[in-house]
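Take a look at the structure set out below.
The values are calculated or read from the model by the stated rules, or taken from the named source; none is laboratory data. This one's a predicted model, so the numbers in the text were calculated from it and none came from an experiment. A quick note on method: Cβ atoms are made from the backbone with ideal geometry, for glycine too, and the neighbour counts reach across all protein chains shown. Heads up: the accessible areas ignore ligands, DNA and RNA and are worked out on the full protein's heavy atoms, side chains in. Shrake-Rupley method; radii C 1.70, N 1.55, O 1.52, S 1.80 Å.
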Amino acid sequence: MNARRTARGLSLHAVVWLIGAFVVVPLVYAVISGFKSTGELTSNPFGLPEHWRTGNYTGILGDGMFWRQIANSAGMAIGTTCCTVAASAMAAFVLARYAFRGRELFYTLFTIGLMFPFAVAVLPLFLLLRTFDLLDNPLGVILPQAAFGLPMTIIILRGFFRTIPAEVEEAAVVDGCGKLRFFWKILLPMARPALGTVSVLAIVASWNNFFLPLLVFNDPTWQTIPVGVQQFQGQYSTDYARVLAYIVLAMVPALAFYAVAERQLIGGLTAGATKG
Amino acid sequence: MSTLTEERTEDVVPVRPPAPARSLLRGWGSWASVAWFLVPALVLFLVFVLAPIVVAVWTGFFKWGGVGPMDDFVGFENYARLFGDPVFLGDLGRGLYLIVLSITVQLPFALFTAVLLNQRLRGRAVYRMLFFAPYILSEVVTAVLFTMIFLPGDGMADHLVGALGLDGLKGTWLADPSTVMPTLFVVMVWKYFGFHMMLYLAGLQSIPAEIIEAATIDGAGAWQRFRYVTLPLLGPTIRISVFLSIIGSIQLFDLVWVMTAGGPNHSSETMAISMFQFGFKRYQVGYASAISVVMFMISLVFSLFYQRHVLRRDLSGAVTSGGDR
């Protein structure tokens with residue numbers, strides 16, 4: 001019995017390891033390859049590098065363009081997140097705690113947005129941004145991203161705002177608190193976990209967006225990391241080791257953020273998915 | 001579910017029994033304050049989400065290059081051309097191909113992994129984090145990574161099958177029309193299975209342990225427990241995951257654009273890639289808009305149908321009873 005259990009445990013681990021290898025091998029391959037020269041990469045694709053060259057990595061880190069792209073991505077992620085969360089929190093507040101005619105209609109309107117694939121809107125969006133003169137302008141990325149983030153954020157926040165008991169609001173009103181102050185001083189602080197979750201979702205979505213920055217920015221000074229990665233690959237298409245080093249460095253901020261905000265991210269995605 | 005809170009303003013005297021349910025909104029002042037809160041979100045949403053759809057529908061009726069006046073109204077000509085265009089019909093077929101593979105391969109794989117990691121297993125928290133990690137990476141980074149891996153001759157994939165003695169499998173992967181779609185699908189699985197696994201894990205954890213125990217006492221084996229207890233109780237989660245995976249396949253762009261740009265010879269083009277090609281590379285904006293509209297109609301009709309006929313079961317509680325979600 002005990003032997004059987006051990007055997008079962010072992011085979012379980014073997015299967016998990018196999019899946020783990022499927023996930024990890026490409027990543028490890030990229031990290032190690034970044035330390036090779038492209039010549040060595042083709043002659044010795046799997047082994048550890050003979051000499052650990054750091055040139056690929058340091059070369060990229062010493063290039064202002066890389067940092068510029070990181071800063072652009074970060075700035076746009078922060079801008080998008082502030083817009084999405086602020087607009088959603090306000091809307092979710094009235095949609096959750098006010099009774100007014102047309103409330104469900106407005107809520108449904110926002111939730112319909114979940115069904116719109118971003119790719120559908122991107123061409124007219126581009127025309128629209130051109131008309132507003134928002135091309136080569138970070139607002140041309142931030143505002144549409146914020147708009148497409150609204151449905152999910154409003155759904156999650158409205159759900160959370162509804163769980164705050166009516167007594168809290170009554171007590172606040174009795175103490176002479178107006179609507180605005182209740183929202184600002186009581187509801188938002190109480191909703192901090194939910195706000196954290198939706199912020200993390202918005203940051204990740206913005207950081208990874210490729211389609212919109214690709215179209216909006218012609219000027220390389222505004223390039224974000226995903227666009228930069230694609231450009232870099234185009235530029236150094238035969239220098240495999242250097243391209244791999246670039247994507248490894250591009251992964252680092254995302255993975256670091258994931259390590260820090262894992263709980264909020266997964267909580268938000270699973271809650272958002274099931275409520276959508 | 002908590003109901004709406006009625007505001008009780010200064011006129012509420014604490015001694016009195018609670019005032020009857022009364023709307024917060026009395027008169028113009030309250031309407032104004034609702035509007036004040038709703039306006040930022042509403043404006044953003046109308047301008048950047050709804051308006052583009054309307055514009056796409058309108059533009060789809062014109063023959064238009066993207067600049068100058070839009071005055072060549074052609075009615076449904078763009079649509080007629082679309083459904084005679086072998087590339088576009090191929091897009092539909094390839095979309096379907098990815099959907100079918102996702103449902104029959106990726107999602108079962110994700111479910112299998114979730115069930116595995118739901119067991120008592122040393123280090124399972126680490127595995128969960130690891131399997132989900134690809135989902136965090138941007139599509140572009142993933143695409144470039146796998147472009148390198150699938151380079152014919154020099155890539156890791158060729159070296160790997162060579163090292164395993166399977167030289168016959170060495171291939172041109174992304175460069176051959178017959179292998180490009182399966183290769184892309186492998187990348188999709190790598191990128192997205194962790195997300196579905198997380199959904200299933202959340203679903204599995206909402207299944208009360210007593211139900212599984214009861215089935216064990218009744219003599220159900222591991223497979224029977226899975227087939228007749230876990231799977232039905234996981235129904236709602238599976239239906240959501242199928243929904244997301246289908247919508248995702250319909251709008252696939254980034255991954256394919258960076259890896260193959262739809263090639264070789266249109267053999268990996270998706271609807272979004274065709275739209276991009278016509279709209280931004282070949283300046284046939286009217287035609288590209290028609291592709292957008294068809295994509296939109298497919299998503300919309302599918303979503304409405306799915307929500308009405310598939311997800312409704314979950315809302316009415318026919319199968320769901322496990323857990324508190």
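Does A:Pro117 satisfy the criteria of being within 17 Å of B:Val43 (Cβ to Cβ) and either touching a residue at least 12 places away in the same chain (Cβ under 8 Å) or in contact with a helix residue (DSSP H, G or I) (Cβ under 9 Å, 6 or more places away or on another chain) (or both)?
When the stated conditions are applied, A:Pro117 does not pass them.
When the stretch A:177-194 is examined, which residues are found to be at pLDDT below 80 and of a type in the set (Gly, Ala, Ser)?
A:Gly178
Only one of A:Phe148, A:Phe110 is closer than 24 Å to B:Gln251 by Cβ, facing chain B (nearest Cβ under 9 Å) and open to solvent by 20 Å² or more (accessible area, probe 1.4 Å). Can you tell me which?
A:Phe148
Among the helices (runs of 4 or more DSSP H) confined wholly to the stretch B:34-110, which include 3 or more residues that are within 24 Å of B:His196 (Cβ to Cβ) and open to solvent by 40 Å² or more (accessible area, probe 1.4 Å)?
Once the helices (runs of 4 or more DSSP H) in the stretch B:34-110 are filtered for at least 3 residues that are within 24 Å of B:His196 (Cβ to Cβ) and open to solvent by 40 Å² or more (accessible area, probe 1.4 Å), what remains is B:86-101.
Hey, can you tell me all the residues within the stretch A:90-107 that are open to solvent by less than 10 Å² (accessible area, probe 1.4 Å) and touching a residue at least 40 places away in the same chain (Cβ under 8 Å)? Spell out the reasoning first.
At the first step, the residues of the stretch A:90-107 found to be open to solvent by less than 10 Å² (accessible area, probe 1.4 Å) are A:91-98.
Residues satisfying the conditions are A:Ala91, A:Ala92, A:Phe93, A:Leu95, A:Ala96, A:Arg97.
Select from the stretch A:207-233 the residues that are open to solvent by 10 Å² or more (accessible area, probe 1.4 Å) and touching a residue at least 40 places away in the same chain (Cβ under 8 Å) and list them in ascending order. Outline the logic, then answer.
Within the stretch A:207-233, the subset open to solvent by 10 Å² or more (accessible area, probe 1.4 Å) is A:207-209, A:214-215, A:217-223, A:230-233.
Passing the criteria: A:Trp207, A:Asn208, A:Asn209, A:Leu215, A:Phe217, A:Asn218, A:Asp219, A:Pro220, A:Thr221, A:Trp222, A:Gln223.
Regarding the stretch A:234-248, can at least one residue be identified that is within 29 Å of B:Val49 (Cα to Cα) and either hydroxyl-bearing (Ser, Thr, Tyr) or crowded, with 20+ Cβ neighbours inside 10 Å (or both)?
There is no residue in the stretch A:234-248 that is within 29 Å of B:Val49 (Cα to Cα) and either hydroxyl-bearing (Ser, Thr, Tyr) or crowded, with 20+ Cβ neighbours inside 10 Å (or both).
Determine whether A:Phe106 is modelled with pLDDT of 90 or more, touching a Leu at 6+ places or on another chain (Cβ under 8 Å) and farther than 22 Å from B:Leu304 by Cα.
Spelling it out, it is not the case that A:Phe106 is modelled with pLDDT of 90 or more, touching a Leu at 6+ places or on another chain (Cβ under 8 Å) and farther than 22 Å from B:Leu304 by Cα.
For the condition within 14 Å of chain A (Cβ to nearest Cβ) and either over 30 Å from A:Arg181 (Cβ atoms) or at pLDDT below 80 (or both), what is the one hit in B:Val39, B:Val34, B:Val87, B:Val57?
B:Val57
Report yes if some residue within the stretch A:42-51 is under 30 Å from B:Ala163 (Cβ atoms), surrounded by 19 or more Cβ atoms within 10 Å (Cβ to Cβ), within 13 Å of another protein chain (Cβ to nearest Cβ) and touching an Asp or Glu at 6+ places or on another chain (Cβ under 9 Å); otherwise report no.
Taking every residue of the stretch A:42-51 in turn, at least one turns out to be under 30 Å from B:Ala163 (Cβ atoms), surrounded by 19 or more Cβ atoms within 10 Å (Cβ to Cβ), within 13 Å of another protein chain (Cβ to nearest Cβ) and touching an Asp or Glu at 6+ places or on another chain (Cβ under 9 Å).
Restricting to the stretch A:120-138, name every residue that is in a helix (DSSP H, G or I) and under 24 Å from A:Asp219 (Cβ atoms).
A:Ala121, A:Val122, A:Leu123, A:Pro124, A:Leu125, A:Phe126, A:Leu127, A:Leu128, A:Leu129, A:Arg130, A:Thr131
For the stretch B:291-309, state whether one or more residues are of a type in the set (Gly, Ala, Ser), at pLDDT 90 or above and either open to solvent by 20 Å² or more (accessible area, probe 1.4 Å) or farther than 17 Å from A:Val122 by Cα (or both).
Looking through the stretch B:291-309, none of the residues is of a type in the set (Gly, Ala, Ser), at pLDDT 90 or above and either open to solvent by 20 Å² or more (accessible area, probe 1.4 Å) or farther than 17 Å from A:Val122 by Cα (or both).
If A:Val173 satisfies all but one of (1) of a type in the set (Val, Ile, Thr); (2) under 30 Å from B:Val294 (Cβ atoms); (3) crowded, with 18+ Cβ neighbours inside 10 Å, what's the number of the condition it fails?
(2)
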